[in-house]
Number of protein chains: 2
Amino acid sequence: MSWRKEQRRAERGYHHGNLKEALLQAALGLIAEKGAAGFTFADAARMAGVSAAAPYRHFRDRDELLSSIAQRGFEQFEARLSAAWDDGRPDTVTAFERVGKAYLAFAREEPAFYNAMFESGVPVDANPALQAASERAFNIIRAAAERLAALTPPGTPRPPAMMMALHIWSMSHGVASLFSRGDAARRKLPMSPDELLEAEVLIYLRGLGFPIDRRPASTGAEPPPVPPEAPSGSGVPPGGPWGKPK
Amino acid sequence: MSWRKEQRRAERGYHHGNLKEALLQAALGLIAEKGAAGFTFADAARMAGVSAAAPYRHFRDRDELLSSIAQRGFEQFEARLSAAWDDGRPDTVTAFERVGKAYLAFAREEPAFYNAMFESGVPVDANPALQAASERAFNIIRAAAERLAALTPPGTPRPPAMMMALHIWSMSHGVASLFSRGDAARRKLPMSPDELLEAEVLIYLRGLGFPIDRRPASTGAEPPPVPPEAPSGSGVPPGGPWGKPK
DNA sequence: CGGCTCATGTAAAGGTCGTTCACATGAGCT
DNA sequence: AGCTCATGTGAACGACCTTTACATGAGCCG
């Protein structure tokens, strides 16, 4: 039904139909291609088939479009982190590592969003909705850290969950930003960004007292003292968090 | 001597004298103010008191100027990291922590350089000199990691130094990029970026088997097994790497 | 159906930038 | 003194961002 309506709008009625959405999509594509810096308002308009002034009916200016994309990015980011966390199933440590992988996967698979979110110079506090979205995403990490902190083995001081969350975030962002992005700014690595981050997080967790698997150092005298969870060694490749300690 | 020469050049002789340097300085100031994205070639020219076309006598285009600044940034960066490392004096761990602090200090005190180096979208491999400078800076971290890795307590597998260096770098960059930069993009933190990074690195090192001070968990049964170095607890506040494990 | 209104799009214009080109200037050498 | 080449100027082009006055037509009301 309403075939004509849709059709006419799509086929260049004077009114576009849903230009706002079209602009967001166009911008996303352009950012993916040329980075947030190279993206231009005029190009997005052109790609949507409208005049250069049309976008101003939907966004105050170029920055607002960028900030909208960043916001949308944080929403999808939250969704993916949340799915990866899966409320800590099947066990906290496994789920936690999955979150780290999801972080990098997002940075890799959604470069446009990641760019808009973290590298476009958009101030987080520009848009309250943006800030809220950003916080909701971070809260996933925070919640995961909270659960992980609650598992610290007895006899070990319990780290503040907020701090853990910030640490994990900084590691993830650091790896993503330095090694897992862009076609050009990449350095040569002895291992993949995923492995790098995984090892980093595992070493960090061990530093907090978590009994992470370490085959080569295993004296065979350490029954996992963490109740009632902790397969813990889940994704650790043999040889410890890093490959082969030659 | 040659008073007249200098004077006339400074007072707007047709020829500027050393426009190249003036442009670099102007650009640096502009980037510090408005970010690498907001910096404009024309503005730099204006600030140096020359026409908009003049800069092209010294830089192929805007990107080359940016890349020059990034290169200079990496050189200063290397100098500061190198001074902080001080070849591992008085002991490796202390010096290592100093390097971390120097990293953040540079990001905080030289936002223009840091921006040009890591957030301007300049591809590292654009300019061979830039890439070389970048590598020299990283090599400081790498060398420090190397020395630290050599100190792993006996019985603990020795981590690859390269990996350690990358980990430390990613932590530093993550913290600097997320929390220690820009007037706007900053989040509210329960602790300073410096403390955050210090705790992060210490926990990481402990995860590698380094006997980092932890007063509350100290069983009193651990004579420092690291020869012949290691005051190691150097800058650690009582209560472990973080404040108070309440 | 006819007309009103308002959201949505257009065209034109002003300002800034990046960049190029022909031309001017003058510093240093012979 | 004169030549030459590095360095700076001015004008011009095209692209972009943004504003303003005007056009269009979708939805609604009588």
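Averaged across the residues of B:153-162, what count of C-beta atoms belonging to other chains lies within 10 Å of each residue's C-beta? For peptide B:153-162, the averaged partner shielding equals 4. Label-point spacing for A:Lys188 across the identical copies (point 7 Å from Cα in the Cβ direction), in nm and ascending order: 4.7. Each residue, B:Met162 and A:Asp63, gets one label point 7 Å from its Cα in the Cβ direction; the gap between the two is 4.3 nm.
Label-to-label distances for B:Pro90 across copies, nearest first, come out at 5.3 nm, using points 7 Å from Cα in the beta-carbon direction. Once A binds B, the 1.4 Å probe can no longer reach about 3600 Å² of accessible area, counting both sides. The calculated FRET efficiency for the pair B:Gln131 and A:Ser192, based on their C-beta separation and a Förster distance of 25 Å, comes to about 0.70. Rounded to the nearest whole Hz, the Karplus-based 3J(HN,Hα) values (6.51 cos²θ - 1.76 cosθ + 1.60, θ = phi - 60°) of the range A:155-162 follow the sequence x, 9, x, 8, x, x, 4, 4, with x at glycine and proline. The same position A:Asp63 in the other copies lies at 2.6 nm from this copy, comparing label points 7 Å beyond Cα toward the beta-carbon, shortest first. Give the calculated FRET efficiency between B:Ala52 and A:Asp91 to the nearest 0.05, with a Förster radius of 51 Å applied to their Cβ-Cβ distance. It comes to 0.25. Shielding of peptide B:18-29 by partners, expressed as the average count of other chain Cβ atoms within 10 Å per residue Cβ, is 0. With 27 Å as the limit, the listed pairs A:Lys101/B:Lys188; B:Lys34/B:Lys101; A:Lys34/B:Lys20; A:Lys34/A:Lys188; A:Lys188/B:Lys101 have A:Lys34/B:Lys20 beyond it between alpha carbons. Each part reduced to its alpha carbon centroid, the range B:57-88 and the range A:137-195 end up 29 Å apart. 3J(HN,Hα) couplings calculated from phi for the range B:119-134 with the Karplus curve 6.51 cos²θ - 1.76 cosθ + 1.60 (θ = phi - 60°) are, in sequence order, 10, 9, x, 5, x, 4, 8, 5, 10, x, 4, 4, 4, 4, 4, 4 Hz; Gly and Pro show x.
Per residue of A:200-206, other chain Cβ atoms within 10 Å of the residue Cβ number 6 on average.
The values are calculated or read from the model by the stated rules, or taken from the named source; none is laboratory data. Note that the structure is predicted; figures quoted are calculated from it, not measured. Ideal geometry is used to build each Cβ from the backbone, glycine not excepted, and the neighbour counts take in all protein chains shown. Heads up: the accessible areas ignore ligands, DNA and RNA and are worked out on the full protein's heavy atoms, side chains in. Shrake-Rupley method; radii C 1.70, N 1.55, O 1.52, S 1.80 Å.
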